[in-house]
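Report on one structure; see the data block that follows.
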Amino acid sequence: MKFKGFDFFPHGTHYPFVNLRWLSFTGSSILIVASIAAFLSIGLNYGIDFQGGSLIEIKTKDGPANIGELRNKIGGLGLGDITIQEFGAPDDVLIRVERQSGGEKAQQQVIIKIRSALGDSVDYRRTEVVGPTVSEELKVNGAIAVITAILAVLIYIWFRFEWQFSLGAVAALVHDVLLTIGVFSVLQLEFNLSIIAAILTIVGYSLNDTVVVYDRIRENLRKYKKMGLEELLDLSINETLSRTILTSVTTLIALLALYIFGGEVIRGFTFAMIWGVVVGTYSSIFIAAPLLLIFGVKRDWSGFGGAKVKSSAG
C-alpha cells in the first residue's frame, strides 16, 4: 500500500518465518497447556447468561435514561453482579442481575427490591428469571456453535485445498480459541454470550487471514515446481505479509476506538476481538503455514496437472 510514494509496510521482505517454526510451536504449545490448566483450575467468570439470574426491562418516563444514576440506585441493594445497559431507544434500559442463592423465591425478591428502589419513575416493560436449566442450555449451545464452526472450516478447506491445508487451518483456529478462553480465565473477565459471538468472529477473521496465505502457497506450488518447500512457504508468507499486517492494524485501530470509547457494555466483546485479531494474525503466519511442512503437503494435485510429488517434511 502506497500513499504519495510512501510505503506503509515494506514490500519484498525475506523474513525466515518457517525457520522459527519450532520456537513458535513450542511457545504456542506452552500457552495452550497453560490456557487449559487455567480453565480447569480457575474457570471462567461466567456472566448472567450462563449463571442464570433476573432480567428487567424498563422505560424511563423523563427522557433518556441516566445509566449512572440507575447504577447508583441499584448497586447498593447487595444483589451481586448487575449489568445495566441501553436497550434500543435511549429511554429503554435492560437490567440483568446474577442468580441469587435461595431458589425461585430469592429471584422474585430481586425484582421486588429493584421496583422499590426505582419507584414509579420508570415503566416496567418486561421481567424474566433465567434459571439454571436455561443457563446450562446456553453454555451447551455456545460450545456447540464454536465446535460446529470449526468443523465447517475443516470441511470447507478440505474441499477447497487438500487435507494438509485443512488440518493446518483447524489447528490455527483451535489455537486461537483456546488462547482466548485462557486469557479470559486468567484475567477473570466476564464470559457471556457476547464473548461467544466474539469467538465466532475471531474464527472467521483468522480463517480469512489463513486462506489468503494458503491461496498464495497454492499458486506458488504451481509456479515454482523445483523450489524447496520451506523456501516456498517463506516466499508465500512474505508476499502476503503486507496485506496481512495492514488488515490487522486497520482492524485494531477500529477495535481500540470501540474499547476506549464504546463503554462498559461492549468492552468485553471488543477486548476479545482485539486479542483474537492479534493471535489470529500470529497463527496464520507462524502456525497454519509452517504446519504444511510438517504434514508433507503435495507439490501438485489434481487440478494443477503434472505428477503428484510429495515434498519432504521439515
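Before moving on, here are some points about what is shown:
- Among (1) assigned by TED's automatic domain parsing to the domain that holds GLU239; (2) surrounded by fewer than 19 Cβ atoms within 10 Å (Cβ to Cβ); (3) of a type in the set (A, V, I, L, M), the one test that ILE111 misses: (1)
Yes/no per residue for (1) basic (Lys, Arg); (2) surrounded by 20 or more Cβ atoms within 10 Å (Cβ to Cβ); (3) assigned to a loop (DSSP other than H, G, I, E, B):
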residue	(1), (2), (3)
GLY204	no, no, no
ILE217	no, yes, no
LYS225	yes, no, yes
ASP234	no, yes, no
TYR259	no, no, no
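- Among the conditions (1) under 30 Å from ARG218 (Cβ atoms); (2) buried (at least 17 other Cβ atoms within 10 Å of the Cβ); (3) under 15 Å from the mean Cα position of the chain (by Cα), ILE147 misses just one, which is (2).
- Residue within the stretch 211-221 that is among the aromatic types (Phe, Trp, Tyr) and over 23 Å from the mean Cα position of the chain (by Cα) present: no
- Hits in the stretch 70-105 (condition: part of a helix (DSSP H, G or I) and either surrounded by 12 or more Cβ atoms within 10 Å (Cβ to Cβ) or within 28 Å of the chain's Cα centre (by Cα) (or both)): LEU70, ARG71, LYS73, ILE74, GLY75
- For the condition in contact with a strand residue (DSSP E or B) (Cβ under 7 Å, 6 or more places away or on another chain) and among the β-branched types (Val, Ile, Thr), VAL265 qualifies.
- Whichever residue in the stretch 45-66 is in contact with a strand residue (DSSP E or B) (Cβ under 7 Å, 6 or more places away or on another chain) and surrounded by fewer than 15 Cβ atoms within 10 Å (Cβ to Cβ) and, among such residues, is nearest to PRO90 (Cα to Cα): PRO64
The values are calculated or read from the model by the stated rules, or taken from the named source; none is laboratory data. None of these values were measured; they are calculated from a predicted model. Note that each Cβ is placed from the backbone with ideal geometry, even for glycine, and that neighbours are counted across all protein chains shown.
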